[in-house]
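A short worksheet on the structure shown next.
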Amino acid sequence: MRTLPCSSALPALLALVLACGDKDSAADSAGGDSSDSAPVEAIDADGDGAAADVDCDDADPTVAPGLTETCDGRDQDCDGEVDEDAADATGWRSDVDGDGYGAGEIVAVSCEAPAGSASLDGDCDDSNPAAYPGAPEDCEVAADLNCDGSIGGEDGDADGVVACEDCDDTNAQAYPGNVERADDGVDGDCDGLEGGEDRDGDGLNEVEEAQAGTDPLLADTDGDGLSDGDERGEHGTDPLDDDSDGDGASDGAEVLGYTDPTDATDKPYIGGWEIDACRGSITSTGTTVGKIAPSFSLTDQHGDKVKLHDFCGKVVLLDFGTFW
């Protein structure tokens with residue numbers, strides 16, 4: 001076997017070791033072991049800012065640790081409890097008599113009502129189920145059933161009407177038969193409507209209806225085809241009389257026929273020359289020579305234009321004859 005002299009073999013071996021050392025150093029300076037993988041990005045499928053490994057429902061963006069609980073039957077803040085300390089929880093008071101109204105301080109705050117509790121407040125007698133705010137008073141019962149401070153057979157506001165017959169026995173300006181006052185926010189006559197309201201849409205509020213004697217729930221009290229408001233305003237007619245001028249034609253018919261419903265001498269001419277007929281005619285004796293269509297207008301005795309209208313619901317026919 002051939003043997004290298006020590007003086008020649010040692011430098012070669014040393015160079016090889018140094019070369020390997022340089023490669024390792026280069027790898028270390030480049031970031032360590034080349035077999036190490038890049039860090040994995042956290043998954044947040046619902047985009048609510050909470051990664052899947054901490055989000056108890058990563059398919060619902062309204063569920064994540066730290067969110068506010070509401071009364072919806074879900075664990076929105078991922079603490080393992082449902083609807084605890086919900087932001088919209090209800091305050092409950094004791095309701096011993098079960099009339100739906102509680103009394104005293106709030107005894108619980110939760111999404112669901114505890115047994116024997118109510119969310120409404122103001123029960124003046126929680127041992128009597130017939131006594132609660134808004135309950136009907138009883139003239140024969142010596143108790144305040146509607147919790148307004150007055151006993152049924154007494155007149156707490158001294159308006160002349162006892163509590164059991166008064167809609168508000170704490171307000172002397174509210175009692176049956178009183179005259180309403182507009183826009184005061186009070187049901188002055190106890191009809192269920194405030195003075196400024198217009199339930200039937202006829203243009204008159206409750207006060208104006210009371211002053212006119214018209215029906216606040218009927219837009220056309222006298223049935224003449226005109227609303228009570230129009231009669232009192234635009235036409236100046238009586239909303240309680242369907243023929244204000246007594247000429248035999250209703251106010252509505254006069255307005256439709258362009259006559260004055262307040263002037264008995266001015267009324268619609270119905271049925272041509274026959275007042276009681278629905279098939280009358282208006283005949284012109286005038287003639288026009290030549291191939292020219294005549295022009296004319298119909299006027300009444302006051303010089304007003306006349307509108308042809310068939311009150312029987314038929315077509316009004318204008319027959320123009322020509323002569324050659």
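List, largest first, the extents of the alpha carbons of the stretch 65-129 along their principal axes, each in whole Å.
46, 15, 14
To check you understand DSSP bridge types, tell me what percent of the beta bridges within the stretch 65-129 (both residues inside) are antiparallel, rounded to 5.
Roughly 80 percent of the beta bridges in the stretch 65-129 run antiparallel, per DSSP.
List the GluC sites (Glu not before Pro) within the stretch 67-108 that DSSP assigns to loop and that have no more than 13 neighbouring Cβ atoms inside 10 Å.
81, 84
Relative contact order of the stretch 210-256: what whole-number percent is it, with Cα pairs under 8 angstrom and at least 6 residues apart?
Details: 53 pairs, mean separation 14.5, N = 47.
For the stretch 210-256, the relative contact order is 31 percent.
Over the stretch 65-129, what relative contact order in percent results from Cα pairs under 8 Å that are six or more residues apart?
Normalised by residue count, the contact order of the stretch 65-129 is 27 percent.
Coordinate-derived values only; no laboratory data. These numbers come from a predicted model, not from an experiment. With ideal geometry, Cβ positions are generated from the backbone for all residues, glycine too; neighbour counts draw on all protein chains shown.
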